[in-house]
Amino acid sequence: TITPAPLTLAASADTRIYDGGTASAAAPTVLAGLVAGDSVTATQAFDSRNAGARSLAISGYTISDGHGGANYAVTTLPGAGRITPAALTIAASADTKTYDASAASAVAPVVAGLVGGDSVGALRQSFDSANAGPRTLSVTGYTVSDGNAGANYSVATATAPARADRRR
């Protein structure tokens, strides 16, 4: 009787920016047990798509040993990983309005940097004052829907020039 040889595969450490998926670009390593002339290819994945400290696990492997991998008893070990937040910019849009005693703007800010099916809602911007004259518009509200309470993004907001004209 020939018993399968023990083969140990370990997920490699990996850090990447949030992209909405779980794929890891790092290659797992063979720790012990591969017999000369045989080969193994393996892939690994993060345990979650969300930003933060993550673990990595072997997600698949193929052993080329002339016997469909049956010459090995495989053990897989996890690895440590991190997904860092992606950059998301929310910029106020230019707006002009006639004085109406309100600092509210009817124009929505512009969003750049969303990943996959994530979205930003409740977008609001307002003038820095309700008074007529040259003004600055600032982002005053938004909600990031990413399945992680917005933590998959590092959000930066930008202002825009504006004008509130006197009543005529």
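What is the list of residues in region 124-168 whose amide nitrogen lies under 12 Å from a point 7 angstrom out from the Cα of Ser93, following Cα to Cβ? Taking a point 7 Å out along Cα→Cβ of Ser93, the residues of region 124-168 whose backbone N falls under 12 Å are 124-125.
The relative contact order of region 1-82 comes to 40 percent, based on Cα pairs under 8 Å that sit 6 or more residues apart. Seen from Ala160, the other residues with C-beta closer than 15 Å to its C-beta sum to a net charge of +2, counting Lys and Arg as +1 and Asp and Glu as -1. Normalised by the number of residues in the chain, the mean separation of alpha-carbon contacts (under 8 Å, six or more apart) gives a relative contact order of 22 percent. Considering all different alpha carbon pairs of region 1-118, the Kirkwood hydrodynamic radius works out to 17.9 Å.
Scanning residues 5 or more positions from Asp95 or on other chains, those with amide H under 5 Å from its amide H are Arg163, with H placed 1.01 Å from N in the peptide plane. Here the dipole of the chain is about 920 debye; that uses its Cα centre as origin and unit charges on the Cβ of Lys and Arg (positive) and Asp and Glu (negative). Only protein atoms count toward the accessible area here, which uses a 1.4 Å probe; on region 1-92, the carbon and sulfur part of that area reaches 57 percent.
Were the residues from Thr29 through Asp100 laid out at 0.36 nm apart, the gain over their Cα-Cα distance would be 18.9 nm. Summing Lys and Arg as +1 and Asp and Glu as -1 over all other residues whose Cβ lies under 11 Å from the Cβ of Asp19 gives a net charge of +1. A simple count of charges around Asp146, restricted to other residues whose Cβ falls under 13 Å of its Cβ and scoring Lys, Arg +1 and Asp, Glu -1, yields -1. Rolling a 1.4 Å probe over the heavy atoms of the protein chains gives the chain an accessible area of 54 Å² per residue. Potential lengthening of the chain between Val110 and Thr15 amounts to 31.3 nm, from the contour at 0.36 nm per residue minus the alpha-carbon distance. Spin-label pair Ala132-Ala80: with each label point 7 Å from Cα along the Cα-Cβ axis, the two points sit 6.3 nm from one another.
Between Ala36 and Thr143, the contour length at 0.36 nm per residue exceeds the alpha carbon distance by 33.0 nm.
The values are calculated or read from the model by the stated rules, or taken from the named source; none is laboratory data. Computed from a prediction, not measured in an experiment: that's the story for all the values here. We place every Cβ from the backbone using ideal geometry, glycine too, and count neighbours over all the protein chains shown. Each accessible area value is taken on the protein alone, full model and side chains, heavy atoms only, with ligands, DNA and RNA left out. Shrake-Rupley method; radii C 1.70, N 1.55, O 1.52, S 1.80 Å.
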